[in-house]
1. Using only DSSP helix segments of four residues or longer, with each worth -39500 (n - 2.57), what per-residue ellipticity at 222 nm results for chain B after dividing by its residue count and rounding to 500?
2. Excluding ligands, DNA and RNA, what is the accessible area buried between chains A and B, summed over both sides, using a 1.4 Å probe, to the nearest 100 Å²?
3. Just name one of B:Leu107, A:Ala5, A:Thr117: the one whose Cα is farthest towards the positive end of the charge dipole of the protein assembly as shown (beta-carbon charges, Lys/Arg +1, Asp/Glu -1).
4. Using only the alpha-carbon atoms of chain A, report the extent along each of the three principal axes, biggest first, to the nearest angstrom.
5. What percentages, rounded to whole numbers, describe P(r) for the stretch B:15-125 computed over all alpha carbon pairs with 10 Å bin width beginning at zero?
6. Between B:Thr6 and A:Asn30, how many nm apart are label points set 7 Å from Cα along the C-beta direction?
7. Determine the gain in length on full extension of the stretch A:Thr2-A:Ser22; use 0.36 nm per residue of separation and subtract their C-alpha separation, reporting nm with one decimal.
8. From the cross-link list B:Lys45/B:Lys122; B:Lys61/B:Lys122; A:Lys131/B:Lys101; B:Lys45/B:Lys108, which pairs have alpha carbons spaced over 25 Å apart?
Amino acid sequence: MTNPAQQAQQHLQRLLPLFHHSPLAMAEINAQGVISQLNPRAVQLMMPLAAHLGLPGHNLLDVLTGYLPSVGQAVADFGADSGLIIDHEPYTIRFAVSQSWFDRHFCLTIEKLSPDTLLVFFDDVTDFLIKADAMRHGL
Amino acid sequence: MTSSPTFSDPNLLDWLEQQTPDQLDNAPFGVVRMTREGVVVAYCKSESHITGIDPAYAVGKYYFTQIAPCANNMMVAAKYAQPVLDEELDYILTYVCEPVKVTLRLLKSPQSQYQYFLVNRKFVD
């Protein structure tokens, strides 16, 4: 027999694999961009981008703005206490790893939950676009 | 019994190769021993303390796809395709959902039976 608090804890435990295995990168940041929570996919995608800029990777907004100044501007210009700042916008980012250059296409969503809490969802959709293109040409 | 070498010791790979999985638990930093195919053979306790992953869960699984997808990229996992690897880099791992700043050392040589993913937690900003 479990009490409501234990049941809530069990629900949270069951939620974790969903978050951890999500193919979508997810991060919670504060108004300055400092990461408070993130899933493995977010680390996987963000760290090569951060390293290329010489950033330590603890501030996601700094990483994104380093490539996409308009993203930082959109966050700074958003006056409401909550709401959708960027909704599934496509971006192309060019960066290098081990002296090889890569052009990758990203999809980005940023939602403001409160004045000091933002959720960032992003994904590298380059391979998806290639597959979608092949599908279109195959039809 | 010999004392543990430091994280940046140039002879660390030789020392690691001589340790049993139980002995790796005594290393002052996180140690993941993998086959050359990336299957976890030993996941030491200090690594478990950094990531929150149970060693019993990790052993036998593909490290970069099943245990640490956060490192499955060009910056880390792809480096193990090289025959010789000894590189230190600053990185972030996750403890549940919280970011943890670490230094990684990636080790592999043609003479080594295994490849290694070493983690040193950074306590200063």
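The values are calculated or read from the model by the stated rules, or taken from the named source; none is laboratory data. Just so we're clear, the structure is a prediction, and the values are computed from it rather than from any experiment. When we count neighbours, we look across all protein chains shown, and the Cβ atoms used for this are built from the backbone with ideal geometry, even at glycine. Ligands, DNA and RNA are stripped out before the accessible areas are found, and what is left, the full protein with its side chains, is counted by its heavy atoms. Shrake-Rupley method; radii C 1.70, N 1.55, O 1.52, S 1.80 Å.
1. Mean residue ellipticity at 222 nm (helix-derived): -3500 deg cm²/dmol.
2. 1500 Å²
3. With unit charges placed on the Cβ atoms, the residue in question is B:Leu107.
4. Sorted from largest, the Cα extents of chain A read 56, 41, 31 Å.
5. 15, 53, 30, 2
6. The two pseudo-label positions are separated by 3.3 nm.
7. Using 0.36 nm per residue and subtracting the Cα-Cα distance, I get 4.3 nm.
8. Working: B:Lys45/B:Lys122 17 Å; B:Lys61/B:Lys122 27 Å; A:Lys131/B:Lys101 35 Å; B:Lys45/B:Lys108 21 Å.
Listed pairs above 25 Å: B:Lys61/B:Lys122; A:Lys131/B:Lys101.
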